[in-house]
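Here's the structure, in structure tokens; my notes come after.
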Amino acid sequence: MPIQILPEHVAAQIAAGEVVERPASVVKELIENALDAQARSIRVEVQGGGRKLIRVSDDGCGIPAEEAPLAFARHATSKLQRVEDLDNIQTLGFRGEALASIASVARVTMLTRHVDAQVGTFLRLEGGHLLEQRAQGTPHGTVVTVEDLFFNTPARLKFLKAEATERRQIESVIMRYAMAYPEVRFSLSQDGRPSFATSGNGSLADVLVETLGLEIVRQLLPVGPMANEKAPIAVYGYTSAPTLHRTTRAYITLFVNGRYIQDASLTYAVAQAYHTLMPEDRYPIAVLMIVMPPSEVDVNVHPTKAEVRFHAPEVVFSAVQRAVRRAVLGASSSIPTLTPAASEPEQPWRALGAVKSAQPALKLTTEDSGRYTQQMPPEAPSIAAPEADWAARPRSLPPMRIVGQLAATYIVAEAPAGMYLIDQHAAHERILYEQYMRDQARRKPIAQRTLQPFSLTLPPETLRLIEAHSEALRALGFEIEPFGANTVRVHAVPAALSKQNPAEAVAEVLKDLEVGKAAGESAFEAQLILRICKAAAVKAGQILSHSEMSELLRQLERCEHPLSCPHGRPTLIHISAAQLAKEFGRA
Ligand code: ADP
Ligand code: MG
């Protein structure tokens, strides 16, 4: 075939393929246009998952009759004039492609009246050609109706997913804009049935109740707004308490200057903020607004504008991470309770204590701090006395009285606010982890020489690892040297492990260490620290004496983040006094 320039309508359809992938993309573009036109109310009607009909009505500024046909021309926009304007985009649209693309693959009508015009105008197009334009009365604003999407592009039609899938996609598009613009009223009806609506009262929390549901919103923590003078980036919104998580990142929703974006790195920043507070393979629910100067972000990266490029990505990354981390730590208080609290208490025990007045006060026995005595056989890990200043640290939990041990695994305790079940292993891991991090920060010697060096026979992969990470191992308190073919000799172990049979503990720490997964030295170290704490912690199934349990609780009460183990699993379950009363019909 000779080279030739494609006919206009073929070129248009090819271009349309980039913008209009599916019905939800049409909805997205039309909503963006309505928002750019300063609409206060946007109504979306859909039939047949958007294949049959999509209608978006707004009360925005409208289009003057003489300009209306131009809106459907390619590269026709009122939002951009010069190439420099691209550096300072304040509108959602700017490419002047959407209406042209939509019109080239569907039957489209538009009814619009400009705020300053007496009468509106009606246009009808098919396959990109203007078939009709006439004057028509209408309130100011714009109604765009798109019918028979992809009627002239059978290939596209074939790739559309099931109607239910398209309906869901459309719904999530609208929900996202509703989150980003809580001051705008949105409504969606599908096949004549209302399926989603917001009030436009300006409250993001109210929108989230509509999109995520009340139960989830109750477990969200407010983020920011946190303005940063040096890099003027504000981050605000909501993020879940560490106890609320999902198996995928899909519930992390991000907006930059009112634009929904997909950004793997920022999503990671959000997840990272939960480090050690949430299991590694779980992700929070978050809705975050990032507000920054338009000149700092390039939105002209992709036709759908869902990807953006930051001029200083690391600055945005740390702003997001800091904002979320602050929200999470500020409220690292949400003890998993069987009934979600209506509001997040700022300081858990104060709010919990408030329940007291409603009940007869439970008598609290203040345990005398009595010297810790080791009662466990030496090979079982036990709870060491904390360093001297531990008691001076601020409390993070109410003082609890021990009731007993359950299944040799959980400690049952009470406080005025109700009953607590503590996972002894998870709690001890948390205590050891914080102790370890403090010792490291203070450069306290962590290693403890063993009474007698001992030998360990290890598989060759583990030996290779030990060799490759000898520095990290030494820093963590291990003194290990090669000793014959498959054997090492251990001279010192981290002090945390010295209370028990060191050979077993070291073997447990080094067993099945993975290489590939943990990239880099610091990741290896982090993994090893978690393993040391795990090995040193009392186990599930281990019977604890009363004084051991009380020592454990006393230390947990002064942990910075007492509510999860360093792997992010909960250490504590709380059943409130009110909940107990209710369960027993006393309320
Ligand atoms: P873009 O939004 O990138 O400018 P579009 O093809 O989506 O391109 O729209 C073209 C132009 O039509 C817009 O620049 C705007 O001037 C006008 N327009 C489209 N939809 C509306 C609307 N709902 N209200 C007012 N003006 C609109
Ligand atoms: Mg547009």
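Tabulated data for the structure shown
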quantity: Where N is the number of residues in the range 485-587, Cα Rg divided by 2.2 N^0.38 Å; calculated: 1.48
quantity: Full-extension gain in nm, Leu451 to Ala475, via 0.36 nm per residue minus C-alpha separation; calculated: 6.6 nm
quantity: Approximate spin-label separation Ala407-Gln133, in nm, with each point projected 7 Å along Cα-to-Cβ; calculated: 7.4 nm
quantity: The chain - percent of accessible surface contributed by carbon and sulfur, probe 1.4 Å; calculated: 54 percent
quantity: Mean projected area (nm²) of the alpha-carbon convex hull when the range 106-188 is viewed from all directions; calculated: 7.2 nm²
quantity: Three-way shape label, the range 8-197, alpha-carbon gyration tensor, a/c 1.5; calculated: rounded
quantity: Degrees, to the nearest 10: 23-36 long Cα axis against longest axis of the chain; calculated: 80 degrees
quantity: Given charges at beta-carbon only (K, R positive; D, E negative), |dipole| of the range 99-178 in Debye; calculated: 200 debye
quantity: Estimated FRET transfer efficiency when R0 is 25 angstrom, pair Arg464-Glu280 (beta carbons, to 0.05); calculated: 0.55
quantity: Principal axes of the range 229-295: Cα extent on each, largest first, Å; calculated: 37, 23, 18
quantity: Which listed pairs, of Lys79/Lys305; Lys52/Lys79; Lys79/Lys161; Lys52/Lys158; Lys28/Lys158, have C-alpha distances above 26 Å, in listed order; calculated: Lys52/Lys79; Lys79/Lys161
quantity: Rh by Kirkwood over Cα pairs, then Stokes-Einstein D for the range 367-587 at 1.002 mPa s and 20 °C, µm²/s; calculated: 115 µm²/s
quantity: Cβ-derived FRET efficiency at R0 56 Å, Glu314 paired with Phe151, nearest 0.05; calculated: 0.75
quantity: Per-peptide average of other Cβ atoms within 10 Å, ordering 394-401, 172-179 highest first; calculated: 172-179, 394-401
quantity: Global form of the range 384-432, assessed from the alpha-carbon gyration tensor, a/c cut-off 1.5; calculated: oblate
quantity: Semi-axis lengths, Å, the range 160-257, gyration tensor of Cα atoms, sqrt of 5 times eigenvalues; calculated: 26, 17, 14
quantity: 10 Å beta-carbon shell around Phe159, net charge (K/R +1, D/E -1); calculated: +3
quantity: FRET efficiency, Gln272 to Asp389 (Cβ-Cβ, R0 30 Å, nearest 0.05); calculated: 0.50
quantity: Computed over the range 367-587: relative contact order in percent, which uses C-alpha pairs under 8 Å that are six or more apart; calculated: 35 percent
quantity: Amide N proximity, the range 562-587 versus Thr247 label position 7 Å along Cα-to-Cβ, cut-off under 20 Å; calculated: 568-570
quantity: Label-point separation, Asn486 to Arg218 (7 Å along Cα→Cβ), nm; calculated: 5.7 nm
quantity: Prolate/oblate/rounded call for the range 19-76, Cα gyration tensor, a/c under 1.5 rounded; calculated: oblate
quantity: Net lengthening on full extension, Arg322/Ile3 (0.36 nm per residue, minus Cα-Cα); calculated: 109.3 nm
quantity: Binned Cα-Cα distances of the range 204-330, short to long, each 5 Å bin given as a whole percent; calculated: 2, 11, 22, 24, 20, 13, 6, 1
quantity: Test item: Cα-centred dipole of the chain, Lys/Arg +1 and Asp/Glu -1 on Cβ, debye; calculated: 1020 debye
quantity: Residue (of Thr109, Ala71, Thr153) at the positive-pole extreme of the range 8-197, dipole from beta-carbon charges; calculated: Thr153
quantity: Cβ crowding within 10 Å averaged over residues, with 297-307, 130-140 ranked highest first; calculated: 297-307, 130-140
quantity: Mean separation of Cα contacts under 8 Å (6+ apart) over length of the chain, as relative contact order %; calculated: 12 percent
quantity: Relative contact order [Cα under 8 Å, 6+ residues apart], the range 8-197, whole percent; calculated: 28 percent
quantity: Gain in span if fully extended, Ile543 to Ser203, counting 0.36 nm per residue against the direct Cα distance; calculated: 117.3 nm
quantity: Per-selection Rg to Rh, the chain - Cα, Kirkwood hydrodynamic radius; calculated: 1.10
quantity: The chain: angle of helix 520-536 to the longest principal axis, Cα-based, in degrees nearest 10; calculated: 50 degrees
quantity: Separation of the Asn300 and Gln47 label points, Cα + 7 Å toward Cβ, nm; calculated: 3.9 nm
quantity: Packing-based order for 558-564, 285-291, using average beta carbon neighbours within 10 Å, highest first; calculated: 285-291, 558-564
quantity: Beta bridges by DSSP in the chain, antiparallel share as percent, to the nearest 5; calculated: 85 percent
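The values are calculated or read from the model by the stated rules, or taken from the named source; none is laboratory data. Here the structure is a predicted model, which is why all the values come from computation and not from measurement. Cβ atoms come from the backbone with ideal geometry, glycine included; neighbour counts cover every protein chain shown. The protein model used for the area step is the full one, side chains on, heavy atoms only, and it has no ligands, DNA or RNA in it. Shrake-Rupley method; radii C 1.70, N 1.55, O 1.52, S 1.80 Å.
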